[in-house]
Amino acid sequence: ILPVGVPAADGGLDHQPVLQVRQPAADTLHVVPLRGGADIVLPCVDGDEGVREEVVHVRRWDHLPARLRHQWRRRERPDAHPRPCPPRHRHRLRESGKGSLHDEKQRSELHALFLTWWFGVGVQSVPLYLSEMAPAKLRGMLNIGFQLMITIGIFAANLINYGTASIEGGWGWRVSLGLAAVPAVIITVGSLALPDTPNSLIERGYDDEAKAMLRKIRGTEDIHAEYDDLVAASAEAKSIDHPWSNILQRRYRPQLCMAILIPFFQQLTGINVIMFYAPVLFKTIGFGSDASLASAVISGIVNVFATFVSIATVDKLGRRKLFLQGGTQMLVSQLVVGTLIALKFGTTGVATDISTNYASIIVLFICFYVAAFAWSWGPLGWLVPSEIFPLEIRSAGQSITVSVNMLFTFIIAQVFLTALCHLKFGLFYFFAGWVVIMTVFVALFLPETKNVPIEEIVLVWKKHWFWGKFISDDDIHVGNLEVAKHTIEAA
């Protein structure tokens, strides 16, 4: 159903917009006049079997696919297309008036752009703020609170989408999008009461305020060792004029690799395939439209509760153990899900005899996968990058982490449906292969950072079997080296 032009009695084209209704099972064509203005286009394509119609719904000329724009231009040049299309197939494109759906779409895209922009700002700043404020022994737990709020937001969004899907008139999505203002207001108001971190205060020359803040957030007067580390880090940071070029230096090679590879691997776990398209997946494996949304809500609940597991264990078991255990569980879950789908759908992607119990087993293993991600790569993909950068490259490093994460989130979201159509069950094997690679990478190249003060992480890299060769003794700047080494040994 789309607006087109109607052939006039004199052989020309009537410019009055109409609604064309094609019925695929028959050769009938119904033409119904529209009320008011509308964009119209009726391309003519000369195929091998003669002239045929190809109808595309567009709002403006610049929204017409490039392939059809090229065809339009060829038909406007007689020398390029000597055999003109019959009059009834001539192209006509008329712009909409004010208040059209195109204008509304532009406004929606602008709103989405602003939402994405400020989401990126929050994702970059919040983990760093939490890591700088938290004591070393609680840094993991407090930082993962950020991931917990994300999972709660995802769960709330699933509930809202489930509720608004039943609103008549097709405007339920407006409610879902508009409710994004609620957390935005909470963040804005709450940020007014947030104090500056000691690192920020020292960098701006407020030494007394930094000491007072350290005493307040640590709950003790014995803050001299940590304060000395912060002062040394600040002095090193002030000597760096260009953090974006300095992060490319050899001594920062470990942090740069982690800033790129950790968010890259996080997206290639395949989690966004599940979270973005859970209703599509569940509907594909046999659930109805409402049941598929309900199943997405179930996976959201699993996501929330599994994040609590990470909060409770990250500072006890450490980052590496959660990475390795979560990677193993995700691998098994994806192999099982891929195999179960392969047995029923095969290479055709069509299954007519799938039972509810069989589909429920698939959903169960998907939940196992979501749980594994929620206590490993989900929170740790944000925690570890936020605690490994020295102050002088911290902002640049975290910016790289967020940019890589958002880039591959976008890429995977764009290609998933196409990949699912072509790879079918093989898509789960594809992500399982990447889980193997990232789990081996963590086992070999990621050192343990639990209970280590953020300004002394450089000593962890120095002790590592591989990364230590990139860091010389002259690259280590901490307040009290002997105390710092003792802290690393204790951790």
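Worth a mention:
- The set of residues in segment 380-434 being assigned to a helix (DSSP H, G or I) and among the charged types (D, E, K, R) consists of E387, E392, R394.
- Yes/no for S310 being in contact with a Pro (Cβ under 9 Å, 6 or more places away or on another chain), surrounded by 18 or more Cβ atoms within 10 Å (Cβ to Cβ) and closer than 17 Å to T269 by Cβ: yes
- Qualifying residues in segment 131-166 (those that are of a type in the set (S, T, Y) and crowded, with 16+ Cβ neighbours inside 10 Å) - the one nearest to the chain's Cα centre (by Cα): T151
Here's the yes/no breakdown for (1) part of a helix (DSSP H, G or I); (2) small (G, A, S); (3) modelled with pLDDT of 90 or more:
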residue: M141; (1), (2), (3): yes, no, yes
residue: G153; (1), (2), (3): yes, yes, no
residue: N158; (1), (2), (3): yes, no, no
residue: I167; (1), (2), (3): no, no, no
residue: L177; (1), (2), (3): yes, no, no
residue: D196; (1), (2), (3): no, no, yes
residue: L201; (1), (2), (3): yes, no, yes
residue: D208; (1), (2), (3): yes, no, yes
residue: M213; (1), (2), (3): yes, no, yes
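- Lone qualifier among R251, R320 - being in a helix (DSSP H, G or I), modelled with pLDDT of 95 or more and open to solvent by 40 Å² or more (accessible area, probe 1.4 Å): R320
- For segment 110-130, a residue qualifies if it is within 18 Å of the chain's Cα centre (by Cα), modelled with pLDDT under 85 and of a type in the set (A, V, I, L, M), and the qualifying residues are A112, L113, L115, V121, V123.
- Whichever residue in segment 195-218 is over 17 Å from L391 (Cβ atoms) and open to solvent by 70 Å² or more (accessible area, probe 1.4 Å) and, among such residues, is farthest from the chain's Cα centre (by Cα): D208
- When restricted to residues that are touching a residue at least 40 places away in the same chain (Cβ under 8 Å), open to solvent by 40 Å² or more (accessible area, probe 1.4 Å) and of a type in the set (G, A, S), segment 167-194 contains 1.
- Residue pairs whose Cβ atoms lie under 6 Å apart, sitting 6 or more positions apart in sequence or on different chains, and linking a residue in segment 419-448 that is over 13 Å from F323 (Cβ atoms) to a partner that is modelled with pLDDT of 90 or more and in a helix (DSSP H, G or I), are F428/Q334; F431/Q334; A432/L331; A432/Q334; A432/L335.
- Scanning segment 216-239 for residues that are of a type outside the set (G, A, S), part of a helix (DSSP H, G or I) and at pLDDT 85 or above yields a count of 10.
- Residues being of a type in the set (V, I, T) and over 20 Å from I437 (Cα atoms) - total across segment 244-264: 1
- Selection count where residues are under 22 Å from the mean Cα position of the chain (by Cα), open to solvent by 20 Å² or more (accessible area, probe 1.4 Å) and within 21 Å of G433 (Cβ to Cβ), scope segment 335-382: 1
- Counting only residues that are farther than 30 Å from M133 by Cβ and outside any helix (DSSP H, G or I), segment 343-379 holds 10 of them.
- Filter pass, A184 being at pLDDT below 85, out of contact with any strand residue (DSSP E or B) (no Cβ under 6 Å at 6 or more places or on another chain) and either over 22 Å from L130 (Cα atoms) or in a helix (DSSP H, G or I) (or both): yes
The values are calculated or read from the model by the stated rules, or taken from the named source; none is laboratory data. A quick note: this is a predicted structure, and the numbers were derived from the prediction, not measured. When we count neighbours, we look across all protein chains shown, and the Cβ atoms used for this are built from the backbone with ideal geometry, even at glycine. Surface accessibility is based on the protein's heavy atoms, side chains included, excluding ligands, DNA and RNA. Shrake-Rupley method; radii C 1.70, N 1.55, O 1.52, S 1.80 Å.
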